[in-house]
Amino acid sequence: MVHDEEESLYVDRPSAGHEVMSGPRVVVAVDGSAGSEAAMRFALEDAARRGVPVVAVIAYRVPDWQGEFSGLGATEEARIRDTLRSQCVDRVRVVVDAAGRGSADALRDVQVRAVPGSPADVLVRESDGADLLVVGSRGHGGFHTMLLGSTSIQCATHATCPVTVVHSPEARRHRLRLHRQRQDQREHQDVARVAADSR
C-alpha cells in the first residue's frame, strides 16, 4: 500500500519471514510520543497484574528508493533496512526505560519489536491472540483537535483482542485548552449577538 502526499516515499510491505509472537502477552504501541509513553506505563502495570510479558512494538516505513535510486544494490538496501530497524529499537528502549524507571522487575519481561509497515496494520497483526493491545490516544499525527488518532481508531476497530486507549497528561491538557478556547469563542459570540440585538 502506498501512502499519499508527504508519505508518498514510503511503501508498506510485510517483511518476509516476520513471525508474529503468540501466547499470553500485553502488546503496546510505541512511537516516542507522550501518548505512547503513557501507554507504556499502563502496559507495564497491567502486564505485572496479569503476570504476562510486555511486547513493545514500533512500526516503521522503509523508503521506496527503487523508483528513485536504480543504482542501490541489495547490500545497501539491507544496510538501510537494518539501520532503520536499529534506530526504531533504540527509540523504543528509551521509552521502555523511562516508563520502567524504579522497577527493574517490570523491565525484565519486556520484548522490543520493530516491524516494517503502517502502524495500525503492524499493531493489529502483532496483537493477534494477545491478552491486550495498549495504544496512546494520539501519536505524532497532524490532527491535534481529534480525541483519538487514526492509529488508535484503527486498532480499536480491527484488533482481535481487547484494546485500551490511554490518554497522556499532555493530551488531557491540550483537550482542556481547546475546550476553554471554544468556550471563550461562544461567550464572545453571545456578547456580540446581545450587542447587535440591543441596537
Would you please give the residues with an amide H less than 5 Å from that of VAL134, counting only those at least 5 places away or on a separate chain, with H modeled from the backbone geometry?
VAL27, VAL28, ALA29, THR164
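Students often check this: by mean Cβ neighbours within 10 Å, which of 86-92, 24-30 ranks highest, and how do the rest follow?
On the way: 86-92: 16.1, 24-30: 27.4.
The packing order, highest mean first, is 24-30, 86-92.
Please give the length that would be gained between HIS158 and ARG79 if that part of the chain were fully extended, namely 0.36 nm times their separation in residues minus their C-alpha to C-alpha distance (nm, one decimal). Please list the in-between numbers first.
On the way: separation 79, 0.36 × 79 = 28.44 nm, distance 3.31 nm.
Roughly 25.1 nm would be gained on extension.
Could you sort the peptides 112-124, 42-54 by per-residue average Cβ neighbour count (10 Å cutoff), highest mean leading? Write out the running numbers ahead of the final one.
Values: 112-124: 21.7, 42-54: 18.3.
Listed from highest to lowest mean packing, they are 112-124, 42-54.
Calculate the FRET efficiency for ALA48 and ARG199 from the Cβ-Cβ distance with a Förster distance of 45 Å, rounded to the nearest 0.05.
Working: r = 65 Å, r/R0 = 1.45.
My answer for the efficiency is 0.10.
Since every read-out is calculated from the coordinates, none of them should be taken as a lab result. What you see is a predicted model; the values in this text were computed from it and never measured. A quick note on method: Cβ atoms are made from the backbone with ideal geometry, for glycine too, and the neighbour counts reach across all protein chains shown.
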